[in-house]
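Right, I'll just put the structure down here and ask away after.
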Amino acid sequence: MGFTLKQLRTGEIRTFSTKEVLEMLGDPVNDEIIVHNEVYRISSFVGSDAGDVVMPKLAWSNINFTLSPKVETKNIFPFVLDTDGSNLFFVVNGVLYEYGIDKDYHTDGKFLYWHGGFNLDFNDIIYVKYLELKY
């Protein structure tokens, strides 16, 4: 993954690729770098940032949920995101709840399961806020 740095003297932003960093840290003459006491060929580097680097931007996204008047005791919401839940915010009526099987809600990649201390009502305002990478 590439990254950018701001030059101290000129303030110019420069983008560096992973391969460039390997070349700086290793021995470009012998085309090798030592990582954890093992020698590797720098030229064998394969990565998505081998050329021009496109840095992703983090953006907040929301999913709003509406419950039907016939609310089940166990609330399950359709929820397809490639996330482990560490960057999710589950909000009910403006109150943020905790993630985890032993907390208020959890996900399995396909569904979000509510198991807070009360049943959700169809009048509740429910949404999930999460970070996603945008290129």
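Collect the residues in region 94-135 that are more than 16 Å from Ile63 (Cα to Cα), part of a loop (DSSP other than H, G, I, E, B) and under 18 Å from the mean Cα position of the chain (by Cα), keeping them in residue-number order.
Glu98, Gly100, Asp108, Tyr135
Look at Tyr127 and say whether it is touching a Lys or Arg at 6+ places or on another chain (Cβ under 8 Å) and not basic (Lys, Arg).
Details: touching a Lys or Arg at 6+ places or on another chain (Cβ under 8 Å): no; not basic (Lys, Arg): yes.
In short, no.
Right, here's the next one. What residue, among those in region 85-135 that are aromatic (Phe, Trp, Tyr) and modelled with pLDDT under 85, is surrounded by the fewest Cβ atoms within 10 Å (Cβ to Cβ)?
Filtering region 85-135 down to residues aromatic (Phe, Trp, Tyr) leaves 89-90, 97, 99, 105, 111, 113-114, 118, 122, 127, 130, 135.
Okay, now just the ones that are also modelled with pLDDT under 85, so 111, 113, 122, 130, 135.
Numbers: Phe111: 13, Tyr113: 15, Phe122: 11, Tyr130: 18, Tyr135: 6.
Looking at the filtered set, the residue picked out is Tyr135.
The values are calculated or read from the model by the stated rules, or taken from the named source; none is laboratory data. Because the structure is predicted, anything quoted here is derived from the model rather than measured. Ideal geometry is used to build each Cβ from the backbone, glycine not excepted, and the neighbour counts take in all protein chains shown.
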